[in-house]
Amino acid sequence: MGRTSERIGFQFRERLSGPIAAGVADPRAGGEQTAATSFVADLRVTIDDLAACVRDPQHTARLEGTATYPGLATAQPLQDGRLLLYVSDPQSRAKLMRYRFGFRGDDGAAYFLDGTKIMHTPKASAREQVTLYTRIHVGDADGPVWGAGLLVFRLRDLPAFFLSMRAIGASRVEGLRRFLGFARRELATPAVV
């Protein structure tokens, strides 16, 4: 059993992919366009200190990986990536998972992805837990919207997702117990409004 006095980190990989339509600002509308091109985010999520992450109301984790969108970016590395886990949002009366990162286009231009999963806990559907409403901005988070759409975590990727889970500073079993316990508690409780 891992020691509770030492810092325990946690890490996993996640792939999100789906249609993004250039020139569209609404994620639902972009996700429904048949001419939309598939965006792929191959992500590594790192929580440096799991206990501190649980205490933090934003439950912040670091995002690294690559972004690919044909004609725009080819496996471009993420910049300043952050994932906010299960953040209560009084306006939507839901818990949000916010994926935020910058990346460069193949031509060197800067872009910023801002995506949100909206989960109405304690009865969040599987669809809510896997669908990321996404906008890509030119420049930074405050730049004009370049395009929008829906990225999805595919259930066929679930085995690889679970196999990628690793503890840092503890056994894999202890890390899984702590992280999955945190996720289960968050999904079982309603958002604070």
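A short reminder: the numbers here are calculations on the coordinates, not readings from a lab. In this text the structure is predicted, and so the values were computed from the model without any measurement. Cβ coordinates were reconstructed from backbone atoms using ideal geometry, including for glycine residues, and neighbour counts include every protein chain displayed.
What value, in deg cm²/dmol to 500, does the helix sum -39500 (n - 2.57) over DSSP H runs of n ≥ 4 give at 222 nm once divided by the residues of the chain? All intermediate terms of the calculation are to be shown ahead of the outcome.
On the way: 5 runs with 40 residues, N = 193.
Calculated from helices alone, the mean residue ellipticity at 222 nm is -5500 deg cm²/dmol.
Explain nothing, just the number: dipole magnitude of the stretch 55-116 about its Cα centre with +1 on each Lys and Arg Cβ and -1 on each Asp and Glu Cβ, in debye rounded to the nearest 20.
For this selection, approximately 340 debye.
Rounded to whole Hz and in sequence order, give me ³J(HN,Hα) for the stretch 180-189 from the Karplus expression 6.51 cos²θ - 1.76 cosθ + 1.60, θ = phi - 60°, writing x for Gly and Pro.
Rounded to whole hertz, the list is 5, x, 4, 4, 4, 4, 5, 6, 8, 10.
For Leu163 and Arg93 in one chain, what is 0.36 nm times their gap in residues minus the Cα-Cα distance, to one decimal in nm? Could the numbers behind the result be given before it?
Values: separation 70, 0.36 × 70 = 25.20 nm, distance 3.25 nm.
Fully extending the segment from Leu163 to Arg93 adds 22.0 nm.
For the stretch 87-104, list residues with backbone N below 17 Å from a point placed 7 Å from the Cα of Glu32 toward its Cβ?
Of the residues in the stretch 87-104, none has backbone N under 17 Å from the label point off Glu32.
With the calculation restricted to Cα positions, what are the radius of gyration and Dmax of the stretch 105-193 in angstrom?
16.9, 45
Strictly greater than 26 Å: what percent of every Cα pair in the chain meets that?
When every Cα pair of the chain is considered, 32 percent fall beyond 26 Å.
Calculate the dipole size of the chain relative to its Cα centre from +1 charges on Lys and Arg beta carbons and -1 charges on Asp and Glu beta carbons; express the result in debye to the nearest 20.
Around 880 debye, computed over the chain.
Based on the mean of other beta carbon atoms within 10 Å per residue, what is the order of 135-143, 40-48, most packed first?
Listed from highest to lowest mean packing, they are 40-48, 135-143.
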